[in-house]
Structures are given as structure tokens and as C-alpha cells.
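The values are calculated or read from the model by the stated rules, or taken from the named source; none is laboratory data. The structure presented is a predicted model; accordingly, all values stated were derived computationally and were not measured. Don't worry about glycine lacking a Cβ; one is built from the backbone with ideal geometry, like all the others, and counts go over all protein chains shown. These area figures cover heavy atoms from the full protein model, side chains too; ligands, DNA and RNA do not enter into them. Shrake-Rupley method; radii C 1.70, N 1.55, O 1.52, S 1.80 Å.
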Amino acid sequence: VVRAVRTISVAEPASGRERRFSGIVEAADSSSLSFEVTGQVTELNADVGDRITEGQQIAVMDDSAYRLNVEAARAEEQRARVEAQDAQNEYSRVRRFYEMDGAISERAVEQSLALRDSAQEAHNFAISRLQLAERDLERTILRSPFSGVVAERHVDTFQQVTRGQKIFDVFIEGAMEVAVSVPESEIEHVYLGLPSVLSFPGLQNRVYEGLVTEISEVAGTANAFPIRILVDAENPAIRPGVTAEASLILGGDAMDRAYLLPISALDSGATPETGFVFRVDQSSMTVTRVPVSDVDIRGNMVAIGGAIEPGDLIVTAGVSFLRDGQAVRLWNAAQ
């Protein structure tokens, strides 16, 4: 008979001062995409939740005015090129006569040279204007700079938009962060690399580890400092906008943590210094006898350290009847 066991998920640290903060999941890598020119949006080729690829055309703007600008700039460049060539020919002619018989004065040569240089500068300016007009025409098509997922769309088709106005918010799938705010009275105890335990109420309170990766130098609302905690896991269900709760151990050595478990989780024969717990391996549905240390009794709970991590399933009842490697099933109160 496969024994049914009751379990608890390791989550609550016992060392230091635990503080819990509510937060929201945000993408670690995200960007707001916008046109670099002003105009009317005629096409939107992506919507919220769509996966887009690098270089994909995701929006188009009415380009009729920009095409006219290109045609006008091209005509101006051609005119300036002809004038620059005429000025060069004239300078060559004057220079040749000056060198042959001196019939033309040196001042006339200098004036011709100045006119040639001026015409060449005008041609260079016309080339630059043409290049700018062509660049603006290209910018009437918005392409994604990277592959990702559309988190939000800010405009509709046929809407007039200005340069830099948000069109889409896009995030890169994978790395996610939890954004929380820490009161000014506690921010001095938060440092980069500080471990955190993260839970997600909308995901059956599953527990993950995290690390503080960003601390703002400027206080925000209510004199609280925004910080960001990187989620040390990849789960498609952890997406931007999901509610999260972050537990931080402030004060003391956060790397030397203990966790609170029911006293019934300890194997019989445990001493105040050492003991054992049984951890459930959900892939094989067997239990492993894990040594723990620094056992500290706190009422009906024990604070233990050792080879356990947040999210581990620890057996909390009937441990004296278990053995290492034994097959088990999770106890269901409805059975």
C-alpha cells in the first residue's frame, strides 16, 4: 500500500526579520515601441498577447506626405548637383586661362574657387536633406527591434500620433521580475543580491526563489523605494501583471537562513542540534530522508536549516513510519 502523507511547502524563513511586500510581476526586458515620425496610423498588425519576431512589421503610417518630401528633396539634389558641376567646370576653365597666359587675374580665380566650393556645399546639403527624407519615409513602417510578446496596445487605426508616442508595449519572454516598494525605514537593510522568497496567490501560492537585482536611489509614493526582484525560475504562468508576494529577510545574515516547519515534521530521535525531515520528490513520488541542523523549537514550530529550499514539500505527519526512498502519495482531505 502506498502511504498517503500530509505535506507543507517550505516557505517561511525563521532567521533575521522577515518582511513581506506585495508586488506585481513585470518583464525583466521590455520596451515601449513608437514611431519616430508624426502621422496617421493606417495599419496595426499585432495585438495584445501576440508573439512577434525581430524585424516584423507591426504598424504602418500614412506615408503620402513623406513620399512627396522625398520627391522634392530628390529634385533639389539633382538641381544642386548640376550647379555644382557647372561651378566646377567654370573654375577649371578660369584656372586654365590663368595658368596659360595670365589673361585672368588671380582674384578672378579665387572668386571662381569660392563659387565652386559654395555650390559643392549646397549639393552636400541637398544630399543630406534627401537622406533625411528617405529615412523619415522608412520610419513610417514600425518594425519590432526584438522578438517578444505584445503586452499592451495604446492606439487604434486611423489615429493621429506624434513622434515618440507609445504604440505597443512589448516584453521578452523568459526572465520576469517582481516590482515592490520598500519603506524608507527598511531600505537600508536591502542590498543587491539579497535573497527573497516569492509566492503568487493566483498560482496556488507556488513558491519560488528570487534575488534583488535593482534598488532605486529615489523614493516614490509614500516615501517608499521601488526595488525589483528577479524570479529564479521560468514558468509561462508567471507573466506581467500577476500579483506576487515577496518575503525578505532584513538584518542578520540572509545567506544563513532557517525555515519554520511544524514540529511533527521532525523524524524521531532528533536532538536540539540535528534531526531529519522527509522531502517528497514529486517526479517519482518518493520520499528522501534529509538531514537538518540548527533545530530551534518555537512553540509548535521548529526553525531548521540544512539541505532544504523554498518550495520543497516536507512530510508533516507519520514520519516515524517512513523510510528513505519509500513511495508515497499526497494526502487528500476529500478522500
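What the table below lists for this structure:
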item: Sole exception among (1) at pLDDT below 95; (2) open to solvent by 40 Å² or more (accessible area, probe 1.4 Å); (3) in a helix (DSSP H, G or I) for residue 72, by number; result: (1)
item: Residue among 256, 232, 324 that is open to solvent by 70 Å² or more (accessible area, probe 1.4 Å), at pLDDT below 75 and charged (D, E, K, R); result: 256
item: When residues of segment 91-108 are limited to those that are open to solvent by less than 50 Å² (accessible area, probe 1.4 Å) and over 21 Å from residue 119 (Cα atoms), the one nearest to the chain's Cα centre (by Cα); result: 104
item: Any chance residue 65 is closer than 30 Å to residue 154 by Cβ and of a type outside the set (Ser, Thr, Tyr); result: yes
item: Selected residue (criterion: nearest to the chain's Cα centre (by Cα)) from residues of segment 275-307 that are of a type in the set (A, V, I, L, M) and at pLDDT 85 or above; result: 280
item: Unique match (being farther than 16 Å from residue 141 by Cα and touching a strand residue (DSSP E or B) at 6+ places or on another chain (Cβ under 6 Å)) among 117, 50; result: 50
item: Residue pairs meeting the criteria (Cβ under 8 Å; at least 6 apart or on separate chains; first small (Gly, Ala, Ser), in segment 192-218; second outside any strand (DSSP E or B)); result: 199/11; 199/205; 202/242; 210/232
item: Answer from 39, 23, 55, 49 - the residue that is of a type outside the set (Val, Ile, Thr) and within 30 Å of residue 303 (Cα to Cα); result: 23
item: Residue that is modelled with the lowest pLDDT [pool: residues in segment 191-205 that are buried (at least 19 other Cβ atoms within 10 Å of the Cβ) and under 24 Å from residue 218 (Cβ atoms)]; result: 194
item: Residue count for segment 1-38, restricted to those that are assigned to a strand (DSSP E or B), under 30 Å from residue 60 (Cβ atoms) and at pLDDT below 80; result: 1
item: Complete set of residues in segment 210-221 that are open to solvent by 60 Å² or more (accessible area, probe 1.4 Å), at pLDDT 85 or above and not hydrophobic (A, V, I, L, M, F, W, C); result: 213, 214, 217
item: Selection count, segment 13-69, where residues are without any contact (Cβ under 8 Å) to a residue 24 or more places away in the chain and either open to solvent by less than 30 Å² (accessible area, probe 1.4 Å) or among the charged types (D, E, K, R) (or both); result: 0
item: Some residue of segment 112-123 being small (Gly, Ala, Ser) and closer than 30 Å to residue 39 by Cβ; result: yes
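Condition check ((1) hydrophobic (A, V, I, L, M, F, W, C); (2) in contact with a strand residue (DSSP E or B) (Cβ under 7 Å, 6 or more places away or on another chain)) across all residues:
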position	(1), (2)
2	yes, yes
8	yes, yes
21	yes, yes
43	no, yes
54	no, no
73	yes, no
86	no, no
108	yes, no
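One line per residue, one yes/no per condition, for (1) under 22 Å from residue 311 (Cβ atoms); (2) outside any strand (DSSP E or B); (3) within 18 Å of the chain's Cα centre (by Cα); (4) of a type in the set (A, V, I, L, M):
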site	(1), (2), (3), (4)
180	yes, no, yes, yes
192	no, yes, yes, yes
208	yes, no, no, no
212	yes, no, yes, yes
228	yes, no, yes, no
249	yes, no, no, yes
264	yes, yes, no, no
